[in-house]
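See below for the structure under consideration.
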Amino acid sequence: MEIRGPLELPARREDIELETADDLTLVGELALPAATAPVATLVTLHPLPTAGGFMDSHIIRKAAARLPALADLAVLRFNTRGTTSPRGTSGGAFDGGASEQFDVAAAMDFVHDRRLPRPWLVGWSFGTELALKYGRDHDIEGIILLSPPLHRATASEVAAWAGTDREVVILVPELDDYLRPDEARERFAAIPHARLIAVDGGKHLWVGESQTRRVLTEIVAAVNPAALPLPTQWPRP
């Protein structure tokens, strides 16, 4: 069958809870390859919860549904504070990206405790702000930014990544509502080693199967390129 839409491929899936340093419980899910150990870990950070973002936002949900099977990746997704999804509601209240630093830390503590390999932060929209602001505090291989609006991350917080050896991969849609490729090149120029990928025809929400496949392919290209090209049929031909 064709891999598209909500199709969920085989994986070991576990409902989890994350405990923050300020005593909140966040709900989430860990998806692991069905029969093998993961080669790397995606810690996903969802779009703005006050605009409908949550752990089931479609790119994040499809990463968890497909990439454990297609690319041997572990995928951790969770609701940041005050966010609700079918999995449940995380404790606390939305704090505009400030106290969410404790949410990122709780996810990374979980990764450490479970000894999950080679963690990357994958942020989408609001999630990119959290990755930029707080990712340098943690033991990660890099960050992947999907549709970064750069509303909350300051110029100094962006420039601080120039002083690290962590990889920075940025996917900027040609038709983004907030930050388009030319401006993005200027605002990320402070990170000489950043890799900015302008996606022709892309929009902020990455709607449509072709855009989903492009995003997932770029994620895998950064984290486990040996798994490319991603198949479009299951079982694999």
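Counted by Cβ distance under 15 Å from T164, the other residues give a net charge of -2, where Lys and Arg count +1 and Asp and Glu count -1.
Mean projected area of the convex hull spanned by the Cα atoms of the chain, taken over all viewing directions: 11.7 nm².
Spatially, region 30-59 and region 177-232 are offset by 17 Å when compared through their Cα centroids. Computed about its Cα centre, the charge dipole of region 12-227 is approximately 580 debye, with only Lys, Arg, Asp and Glu carrying charge at their Cβ.
Other residues whose C-beta falls under 11 angstrom from the C-beta of A11 contribute a net charge of -1, scoring Lys and Arg +1 and Asp and Glu -1. Shown is the FRET efficiency for D95 and R195, computed with R0 = 41 Å from the Cβ-Cβ distance and rounded to the nearest 0.05: 0.85. For region 178-237, evaluate the Debye formula with one uniform point scatterer on each Cα (no solvent term) and list log10 I(q)/I(0) at q = 0.24, 0.29 Å⁻¹, rounded to two decimals. Summing over Cα pairs of region 178-237 leads to -1.11, -1.23.
Each of V172, A107, S156 was placed along the dipole of region 106-237 (beta-carbon charges, centred on the mean Cα), and the one lying farthest toward the positive end is A107. Here the sum of -39500 (n - 2.57) over DSSP H runs of 4 or more residues, divided by the residues of the chain, equals -8000 deg cm²/dmol at 222 nm, to the nearest 500. Multiplying the residue separation of R12 and E186 by 0.36 nm and removing their Cα-Cα distance gives an extension gain of 58.5 nm.
Counting charges near L32 (Lys, Arg +1; Asp, Glu -1) among other residues having Cβ under 9 Å from its Cβ returns a value of +1.
Computed from the coordinates by the stated procedures, all read-outs in this text should not be read as laboratory data. Note that this is a predicted model, so its numbers are computed, not measured. Backbone-built Cβ (ideal geometry, glycine too); neighbour counts: all protein chains shown.
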